[in-house]
Structure formats: C-alpha cells, structure tokens
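Asks: My questions all concern the structure below.
The values are calculated or read from the model by the stated rules, or taken from the named source; none is laboratory data. This one's a predicted model, so the numbers in the text were calculated from it and none came from an experiment. Here the Cβ is made from the backbone with ideal geometry for all residues, glycine too, and neighbour counts use every protein chain on show.
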Amino acid sequence: MIIKPKIIGGVCLTAHPIGMRKALEEQIKYVREAGKFPMPRRVLVLGGSTGYGLATRISAAFGGGAGTLNISFERGPTERKPASPGWYNNKYFDEAARKEGLTAESLNADAFAHETRLTVIDKIRELFGQVDLVVYSLASPVRKDPDSGETYKSVLKPLGKAYTAKSVDFVRGTVGEVSIEAATAEEEAGTVKVMGGEDWTLWINALLEADVLAGGTKSVAYSYIGPEITYAVYRAGTIGSAKENLEKSAGALNSMLKSIEGEAFISVNKALVTRASSVIPVVPLYISLLYKIMKEKGIHEGCVEQMYRMLRTRIYGPNGTLKDDNGLIHMDDWEMRRDVQDLIGARWNKIDNKNLGSLADIEGFREDFMRLHGFDWPGVDYDADVDPMG
C-alpha cells in the first residue's frame, strides 16, 4: 500500500507506519540523551497513545526506567486503510520498551467504560501489584456515560456570543478571519461531561477501592490556560469550562488520595501542535507565532521535552512536587513569559498573507502536524509500498 496524507478540515485521516516509527524513535532518542532521573517505576497512563500522554509515557520509561500500562482506543489497520497514529505509537512503543527490558503493555479499549476499569485493575495486579503514578491524558470528542448509557459530545465554541478573529489555514498557508457561533448551554454541559474531571474521578475511585494504588501515589491530568489572544475560544469557551471542572476535580482527588499519602494535581502545559489543537480556530495562528518567538529565544519545547522536564524537575524534583497555591504545575512558564507574550501581541496585529512566513513559523507548525501522522520525515520513501500492519 502506498500511503499519502489525506487532510480534510485540519484533520489528517491517514498515518504512515514507517514515519510513525521514526517519530517515536526521535522522541526516545531525546529522552535517552537527556539522561536518567529517579522516579517510581510503575505507571498507568490513561490516554498514552499520542500527544502529552505518549510523551509522558516515553519520558517515564526511557528517562525514569518505569514499566508502563497504557489504555487508549485506537483504530487498527486493514488491508485497505492504515491504522490511526496512536495504534502505531502503541505498537512501536511497546516493542522498544520491551527491548530495554521494561514492562510495557497497551490495552485497546474504551477508557470511559466501567468494564475497562475492571480489566485494567486485573492487569495492574498481574504486571505490578500496584502503581505509583496515574497519568490522565484522555482526549475524545465523545463519551458514553458508563452509568446512564447516554452519549455526550464535546464542541469547540465560545460562550455567550459569537467570536470572530484571525486564523490561519496551515495547509494552504493563508491568513483569514474565522467566526464561531456561541455554544448552547447543552453543548457546554456536554463538553464538560466529555472533557471535565468526572471520568478522572471515577478512575481514581475505582483504583483506590481495588487497592492498586501504592502509598504516595501521584496522579496528574493536563490542562491549558493560554493568553488573552486565545481566551475567548479556549479558556472562556466550552473547553475552558471543561478544564475548570477538571482542575476543581484535582482538589477533591487530592483530598481523597491523602488516605494513602498521595496527591493529585494539574499540569498546565504549553500550546503545542497536537491532533486536537490543529482544529481549534485561532489556535494554529497563535501557535505559529509562539513557535517562531520561542525558537528565536532558544526556549522552544515539543511534547516530549516538556513532559521530560515536568517529570524530572516538577513532579519528581529534589524538592518534591512544585505547584502553585491552586495545585497547578506550570509547564507553560516559558510560553507565558512577558517578553514572549508582548512579541506575540505585536506581531498578531501586523500579520497577514504577505508577512506570514517572516512573522510566524507556519512551516514549523505544518511540519509538526505532518510528523504526528508519520509524514515529512527525511529518509522515508513515501512512494514505496508499505505494509499497513506496521
């Protein structure tokens, strides 16, 4: 099968197995070169097939020497279609970790289902007995409530009123305006049900009751706050409502985990190119500006660089977990520096089709997006016939 990128509406529908292997190898290489650090060695990752979840799993395994169990729901390959990027990531990660002598298993299952929780608890007992770190990094457009059976959908919309702002078509490389209608109350509630803290709470409850959390267990989930430029569509929108709910849940879970001297907290991460961020209006243009400026200043990080720094210096640093008074770990500290944000604001007001290439790193955005799906890697023959099974 000859596999080419197929992009519709900012979503790539294909993935290249050889390129996906290359992408994973590059992340593992970074962690190996960055060096080992001390951390517990039994890790459960909920949503570890792509993005921050995968980067945390790679950092924990190849930086911290941890065994990992990952749960994600991915589309496998067929004779006519390649698999989803996460399916290849899971396959190649497990192979690479096992070659290092590390425990590594990936379960392809609906992480929102009670049945999956029971399966995972049995697997934890089989592999580790107990786990010391629970990473919650699930991202899905839909969630079926495990009790009521009702299916909820998330939407990317502002609240209160419609929003119009600059955006970029990163495939064509053109700047324009985008307008997004305001969410209904039902859409906001649905987004909170899918992306808020309810499912994270169900997981910690189930794991605690089953006695598969070791003393001192930590649990981290991921959020984003961002600057004023993206505020209306992100933090003050439906996603922001969900993230606020997630952050409130962290406080309740932190109190719950005190019974085993554990803790729960949120890592507020930097804006990066992910399969989710690429379809949020306004955000690709902001990220392109951010990339340009942070690269100029020598402080740019991708997913794996940021999660490695988080584990090594913030969660398992020499002074314990470094978080603010609200229980937040700020991995967005370099993004939100005043000098960075001031430059973004100045360039945002000037940017158009003529100066897009000089003011923003649109090529860097596009490259990162393509490589998330295994494309645009040097040394890979994309005209060659490949086995979609990987």
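Asks: Kindly indicate whether K248 is closer than 23 Å to T56 by Cβ, of a type outside the set (A, V, I, L, M) and crowded, with 22+ Cβ neighbours inside 10 Å.
Replies: Details: closer than 23 Å to T56 by Cβ: yes; of a type outside the set (A, V, I, L, M): yes; crowded, with 22+ Cβ neighbours inside 10 Å: no.
Criteria not met by K248.
Asks: Moving to a separate point now. Of all residues being buried (at least 17 other Cβ atoms within 10 Å of the Cβ) and of a type outside the set (V, I, T) in region 209-225, which is farthest from the chain's Cα centre (by Cα)? Just the residue, please.
Replies: Pass one, region 209-225, residues buried (at least 17 other Cβ atoms within 10 Å of the Cβ): 212-214, 217-225.
Going one step further and asking which of them are of a type outside the set (V, I, T), we end up with 213-214, 218-219, 221-224.
Values: L213: 23, A214: 25, K218: 18, S219: 15, A221: 10, Y222: 7, S223: 9, Y224: 11 Å.
For region 209-225, the residue satisfying everything is A214.
Asks: Which residue pairs have Cβ atoms under 6 Å apart, sit 6 or more places apart or on different chains, and have a first residue in region 1-26 that is surrounded by 13 or more Cβ atoms within 10 Å (Cβ to Cβ) and a second that is of a type in the set (S, T, Y) and modelled with pLDDT under 95?
Replies: If the second residue must be of a type in the set (S, T, Y) and modelled with pLDDT under 95, the pairs left are G10/S278.
Asks: May I ask you to say which residue of F375, F369, F365 is surrounded by 19 or more Cβ atoms within 10 Å (Cβ to Cβ), within 21 Å of the chain's Cα centre (by Cα) and not in a helix (DSSP H, G or I)?
Replies: Step by step, each of F375, F369, F365 is checked, and only F375 is surrounded by 19 or more Cβ atoms within 10 Å (Cβ to Cβ), within 21 Å of the chain's Cα centre (by Cα) and not in a helix (DSSP H, G or I).
Asks: Does region 53-83 hold any residues that are within 24 Å of I266 (Cβ to Cβ) and assigned to a loop (DSSP other than H, G, I, E, B), and which are they?
Replies: G63, G64, A66, F73
Asks: Could you identify the single residue in N353, N349 that is at negative phi, among the polar types (S, T, N, Q), modelled with pLDDT of 90 or more and loosely packed, with under 15 Cβ neighbours inside 10 Å?
Replies: That would be N353, the only listed residue that is at negative phi, among the polar types (S, T, N, Q), modelled with pLDDT of 90 or more and loosely packed, with under 15 Cβ neighbours inside 10 Å.
Asks: Shifting gears a bit: Filter region 167-204 for residues that are within 19 Å of the chain's Cα centre (by Cα), aromatic (F, W, Y) and in a loop (DSSP other than H, G, I, E, B) and give the result.
Replies: Listed by number, the list is empty, since nothing qualifies.
Asks: May I pose another question? How many of the residues making up region 304-329 are in contact with a Lys or Arg (Cβ under 9 Å, 6 or more places away or on another chain), hydrophobic (A, V, I, L, M, F, W, C) and over 23 Å from E26 (Cβ atoms)?
Replies: So the count comes out to 3.
Asks: Also: Return yes or no: is V283 modelled with pLDDT of 80 or more and either farther than 20 Å from M39 by Cβ or buried (at least 20 other Cβ atoms within 10 Å of the Cβ) (or both)?
Replies: Considered against the rule, which asks whether it is modelled with pLDDT of 80 or more and either farther than 20 Å from M39 by Cβ or buried (at least 20 other Cβ atoms within 10 Å of the Cβ) (or both), V283 comes out as yes.
Asks: Determine if region 255-268 includes at least one residue that is within 20 Å of the chain's Cα centre (by Cα) and either surrounded by fewer than 20 Cβ atoms within 10 Å (Cβ to Cβ) or part of a helix (DSSP H, G or I) (or both).
Replies: Our first condition is that a residue be within 20 Å of the chain's Cα centre (by Cα); within region 255-268, this holds for 264-268.
Adding the requirement that they be either surrounded by fewer than 20 Cβ atoms within 10 Å (Cβ to Cβ) or part of a helix (DSSP H, G or I) (or both) leaves none.
No, because not a single residue in region 255-268 is within 20 Å of the chain's Cα centre (by Cα) and either surrounded by fewer than 20 Cβ atoms within 10 Å (Cβ to Cβ) or part of a helix (DSSP H, G or I) (or both).
Asks: For region 70-83, give me each residue that is of a type outside the set (V, I, T), surrounded by fewer than 23 Cβ atoms within 10 Å (Cβ to Cβ) and within 18 Å of D385 (Cα to Cα). Step through it out loud before you land on a result.
Replies: As a first pass, look at region 70-83 and keep what is of a type outside the set (V, I, T): 70, 72-77, 79-83.
Next cut, surrounded by fewer than 23 Cβ atoms within 10 Å (Cβ to Cβ) only: 73-77, 79-81, 83.
If the condition is that a residue be of a type outside the set (V, I, T), surrounded by fewer than 23 Cβ atoms within 10 Å (Cβ to Cβ) and within 18 Å of D385 (Cα to Cα), then P77, E79, R80, K81, A83 are the ones that fit.
Asks: Quick test for you: out of R275, R366, R312, R338, pick the one residue that is at pLDDT 95 or above, within 30 Å of I180 (Cα to Cα) and basic (K, R).
Replies: Answer to the selection: R338.
Asks: What pairs come out if I take residues in region 148-163 that are over 9 Å from G237 (Cα atoms) and surrounded by fewer than 14 Cβ atoms within 10 Å (Cβ to Cβ) and pair them with residues that are among the hydroxyl-bearing types (S, T, Y) and at pLDDT below 95 whose C-beta lies under 9 Å away, six or more apart or interchain?
Replies: Note: pairs meeting the criteria are A162/S179.
Asks: A follow-up question, please. Do you know which of the residues in region 84-102 that are in a loop (DSSP other than H, G, I, E, B) and free of Cβ contacts under 8 Å to residues at least 60 places away in the same chain is surrounded by the fewest Cβ atoms within 10 Å (Cβ to Cβ)? Quick ask: steps written out before the conclusion?
Replies: Initial filter on region 84-102 (in a loop (DSSP other than H, G, I, E, B)): 84, 100-102.
Okay, now just the ones that are also free of Cβ contacts under 8 Å to residues at least 60 places away in the same chain, so 100-102.
Working: E100: 12, G101: 8, L102: 17.
It comes out as G101.
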